[in-house]
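Below you'll find the structure, written out as C-alpha cells, and then a few comments.
Taken together, the values in this text are just the output of simple stated rules run on the coordinates, not laboratory data. Keep in mind it's a predicted model, so treat the numbers as computed, not measured. Quick reminder, even Gly has a Cβ in these numbers, built from the backbone with ideal geometry, and neighbours come from all protein chains shown.
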Amino acid sequence: MSEAALADLKARGFLGLRVVGDVHGEAAAFTHAAAGAAAARLFLLQLGDLTDHGPDSPGVLRQIFALRDAGNGRFLLGNHDHKLRRALLGQQVTVQEEGLGRTLTQLSGASDGTALAGRAIVEIAAAPAWLRLRRWFFVHASFHPRMLERPSPPEAGATKPDPLLGRALFGEVTGRLQTDGFPERLHHWVDRIPAGLTVYCGHDRRSTDGRPYLQRGAAGGEAVFLDTGAGKGGHLSWIDLLF
C-alpha cells in the first residue's frame with residue numbers, strides 16, 4: 001500500500017484499518033466485522049482465505065465484493081482463494097469435502113452463484129499477496145525479507161507460485177502432517193522480521209486462548225497471527241490499527 005493510497009484513504013475519511021483474519025465461510029461474523037469497521041471509519045483489510053469450511057462462503061464473497069465496489073475494503077490472496085480460482089476455471093485440484101467441496105456446493109446452490117464465481121475469478125487474480133504500510137506488513141501465511149524489496153506480483157492470484165509467492169500463501173512447512181491432519185509448520189521466519197516492523201498474518205491457528213497470537217522475533221520485529229479458527233470450530237478475529 002503506497003503513501004498515495006494512504007493519503008487517499010485519509011482524504012476519504014478513514015481513520016485506520018480493520019485487519020481481519022481468515023474468514024472461511026463465516027458470513028455472519030464477517031458481517032459484524034464489516035459493520036463495525038464502517039461505524040468506526042476503518043478501511044477493512046482481510047488477510048486471505050475467504051471461503052471453505054464454513055456455512056456461507058457465497059455470503060462472504062458478496063460482502064467482500066460489495067466492500068471492493070464501495071472502496072471500503074480489499075482482501076489479500078490466501079492459499080484457499082488461489083485454489084478456489086483454479087477450481088472455478090476447471091483446473092485439476094484436490095477437493096476436500098469439508099473445505100473447497102463445501103464452497104463449490106454452496107455456490108452451485110446460490111441463485112447468484114454463477115455471477116459470484118465469475119467475479120471471484122477476476123478478483124482473486126488481482127488480489128495482492130502482500131502489502132506494506134509504513135511499520136505494518138500484511139501477508140496471508142508468512143514473511144520473507146525479500147518481500148520488502150519488491151511489491152506483490154500484479155497477477156499473483158493467476159500465476160503458479162514461485163518460492164516467494166509460495167511463502168506468502170503457504171508459509172514454511174516440514175512436509176509432515178500433524179495429528180489434526182494439517183501440515184506441520186515452521187516459524188523461524190519471525191526471527192527475520194526487522195526491528196520496528198509488525199507482520200499481520202493469518203493461515204496458521206496458533207492461538208490457545210481465542211485471541212490473536214503475538215510472537216516477537218530475534219531481530220526485533222514481531223508477528224501477529226490472526227487466524228483463530230473461523231469456519232473450523234473457532235471464531236473470527238480482527239484488530240484495529242489507527243493511522
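Got a sec to turn the phi values of the stretch 32-44 into Karplus ³J(HN,Hα) couplings, 6.51 cos²θ - 1.76 cosθ + 1.60 with θ = phi - 60°, whole Hz, x for Gly and Pro?
3J(HN,Hα) across the stretch 32-44, in whole Hz: 5, 4, 5, 5, x, 4, 4, 5, 8, 6, 10, 6, 8.
Which ³J(HN,Hα) values in Hz, rounded to whole numbers, follow from the phi angles of the stretch 82-99 under the Karplus curve 6.51 cos²θ - 1.76 cosθ + 1.60, where θ = phi - 60° and Gly and Pro get x?
My calculation for the stretch 82-99 gives 4, 5, 4, 4, 5, 5, 5, 8, x, 6, 6, 9, 7, 10, 7, 4, 7, x Hz in order.
Where the centre of each part is set by its Cα atoms, how far does the stretch 116-182 sit from the stretch 51-115, in angstrom?
Rounded to whole Å, the Cα centres lie 17 Å apart.
Quick one: work out the % antiparallel among DSSP beta bridges in the stretch 3-242, nearest 5.
On the way: 17 of 33 bridges.
So the antiparallel bridges in the stretch 3-242 amount to around 50 percent.
Kindly state, as a whole number, the per residue volume in cubic angstrom of the convex hull around the alpha carbon atoms of the stretch 27-134.
Working: hull volume 11.0 nm³, N = 108.
Dividing the Cα hull volume of the stretch 27-134 by its residues yields 102 Å³.
With +1 on the Cβ of every Lys and Arg and -1 on the Cβ of every Asp and Glu, and nothing else charged, how large is the dipole of the stretch 119-168 about its Cα centre, in debye rounded to the nearest 20? Write down the numbers at each step before the final one.
Working: 8 positive and 4 negative charges, 46 e Å.
Here the size comes out at about 220 debye.
Assign one of three labels to the stretch 3-242, namely rounded, prolate or oblate, based on the Cα gyration tensor with a ≥ b ≥ c the square roots of its eigenvalues; rounded applies when a/c is under 1.5, prolate when it is not and a/b is larger than b/c, and oblate otherwise. Walk me through the numbers before you get to the answer.
Working: a/c = 1.43, a/b = 1.13, b/c = 1.27.
Rounded, since a/c falls under 1.5.
Calculate, for residue 69 and residue 215, the FRET efficiency according to 1/(1 + (r/R0)^6) with r their C-beta to C-beta distance and R0 25 Å; round to the nearest 0.05.
0.10
Please give the FRET efficiency for residue 38 paired with residue 8, using the beta carbon to beta carbon distance and R0 = 22 Å, rounded to the nearest 0.05.
Efficiency computed from Cβ-Cβ geometry: 0.80.
Report the Stokes-Einstein translational diffusion coefficient (µm² s⁻¹, integer) for the stretch 71-148, Rh taken as the Kirkwood radius over Cα pairs, at 37 °C with viscosity 0.692 mPa s. Numbers along the way, then the final one.
Working: Rh = 14.1 Å.
It comes out at roughly 232 µm²/s.
Give me the number: length gained by fully extending residue 98 to residue 15, i.e. 0.36 nm times residue separation minus the C-alpha to C-alpha distance, one decimal in nm.
Taking 0.36 nm per residue and subtracting the Cα distance, the gain is 26.1 nm.
Once you've got the GNM for the chain with C-alpha springs shorter than 10 Å, pick whichever of 112, 209, 52 has the biggest mean-square fluctuation.
Ranking 112, 209, 52 by mean-square fluctuation puts 209 first.
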